[in-house]
1. Filter the stretch 148-177 for residues that are among the acidic types (Asp, Glu) and more than 10 Å from the ligand (Cβ to nearest atom); which is least open to solvent (accessible area, probe 1.4 Å)?
2. So which residues in the stretch 39-74 are near the ligand (Cβ under 9 Å from one of its atoms) and either touching a Phe, Trp or Tyr at 6+ places or on another chain (Cβ under 6 Å) or without any contact (Cβ under 8 Å) to a residue 60 or more places away in the chain (or both)?
3. Let me spell it out: the conditions are (1) within 14 Å of the ligand (Cβ to nearest atom); (2) over 13 Å from the mean Cα position of the chain (by Cα); (3) open to solvent by 20 Å² or more (accessible area, probe 1.4 Å), and residue 136 meets all of them except one. Which number is the exception?
4. (1) under 20 Å from the mean Cα position of the chain (by Cα); (2) in contact (Cβ under 8 Å) with a residue 60 or more places away in the chain; (3) farther than 26 Å from residue 117 by Cβ: which one isn't true of residue 97, the others all being true?
5. Here are the criteria: (1) open to solvent by 60 Å² or more (accessible area, probe 1.4 Å); (2) assigned to a helix (DSSP H, G or I); (3) within 16 Å of the ligand (Cβ to nearest atom). Tell me which single one residue 180 does not satisfy.
Amino acid sequence: MKTIISVKEMQQWSLQQKAAGKQISFVPTMGFLHAGHLSLLEEGRNQGDLLVLSIFVNPTQFGVGEDFEDYPRDLKADAELAAKAGVDVIFAPPATQMYPQGYASWVDVEGITEVLCGASRPGHFRGVTTVVSKLFNIVQPDIAFFGNKDFQQLTVIKRMVIDLNMPLEIVGLPIVREADNLAMSSRNSYLSAPERFQALCLSRALAHARQLAAQGGVKASEVLNAVREMITAKDLTRIDYLKICHQSSLLDQEFIDADSVLLLAVYVGKTRLIDNGFLLD
Ligand code: AMP
């Protein structure tokens, strides 16, 4: 396994491999790898000839007062996990190479970036779509793998790839959870023991919402009220948003159908957690 930090070297490596007819699988991350990331790497390993993992805590997707400085980082542990997962190249560029002096170009997807996390974190998706576009240009993947954990991010990236005619396939993979159903996240490391315990209300609320939805003919507002009650019953939680949206337009739905996704963003203590799931099978 190679670690490349130079943008130029990464792009040259990829262009050479592609000229030799190799298919490149790509998993972009911000590092501090957990089993969710590993599931993407496993699928990437299965599907391409070569597997590239990027580790880059992208400053442009963090807002003022967010956790860019504190975001957990452990490149050594990540490299060990990546080697075991069969990664061929870790691409870990410094921010000064991704955004050198004079940097002035941005990729912006409209509409679907203005709701949910986009409404709570202005500028977040502009940072995501810009860095992902740059990574695609540098790594030149044939297939890139993303988690359903960041459901809106995946939806936005699929839209961008279609709209900008990017020549690659985007694959979305299921949320990997801890044994007690908390969705895995690098940010779970911020949680104290009591917060970690109360954080279970997100996945429990999702399960309860699915039970209600299974009864059929249920209004979204009824499900949202039940979910809101479950979450506000915990004293360390603060709801950022709770929404039932159509899976591709991300517009609010009045009635639940097979396209309905429940999306939650909840602060537990100071940590903002997200989770989501389809309401009907
Ligand atoms: P991050 O390092 O948080 O930017 O995440 C990198 C990729 O891993 C994104 O595509 C995430 O959606 C995905 N990911 C993060 N957590 C999980 C999880 N629990 N299950 C599946 N994929 C995940």
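1. Pass one, the stretch 148-177, residues among the acidic types (Asp, Glu): 150, 163, 169.
From what's left, more than 10 Å from the ligand (Cβ to nearest atom): 163, 169.
On the way: 163: 82, 169: 97 Å².
Per the stated criteria, the residue is 163.
2. Listed by number, the residues that qualify are 40, 55, 57.
3. Unmet for residue 136, out of (1) within 14 Å of the ligand (Cβ to nearest atom); (2) over 13 Å from the mean Cα position of the chain (by Cα); (3) open to solvent by 20 Å² or more (accessible area, probe 1.4 Å): (3).
4. The number of the failed condition is (1).
5. Against the list (1) open to solvent by 60 Å² or more (accessible area, probe 1.4 Å); (2) assigned to a helix (DSSP H, G or I); (3) within 16 Å of the ligand (Cβ to nearest atom), residue 180 comes up short only on (2).
Results for (1) touching a residue at least 12 places away in the same chain (Cβ under 8 Å); (2) not small (Gly, Ala, Ser), shown as yes or no for each residue.
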{"site": "164", "(1), (2)": "yes, yes"}
{"site": "173", "(1), (2)": "yes, yes"}
{"site": "181", "(1), (2)": "yes, yes"}
{"site": "211", "(1), (2)": "no, yes"}
{"site": "216", "(1), (2)": "no, no"}
{"site": "220", "(1), (2)": "yes, no"}
{"site": "229", "(1), (2)": "no, yes"}
{"site": "240", "(1), (2)": "yes, yes"}
{"site": "252", "(1), (2)": "yes, yes"}
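The values are calculated or read from the model by the stated rules, or taken from the named source; none is laboratory data. Small disclaimer: the values here were computed from a predicted structure and weren't measured. A quick note on method: Cβ atoms are made from the backbone with ideal geometry, for glycine too, and the neighbour counts reach across all protein chains shown. Accessible surface is based on the protein model in full, side chains and every heavy atom, while ligands, DNA and RNA are left aside. Shrake-Rupley method; radii C 1.70, N 1.55, O 1.52, S 1.80 Å.
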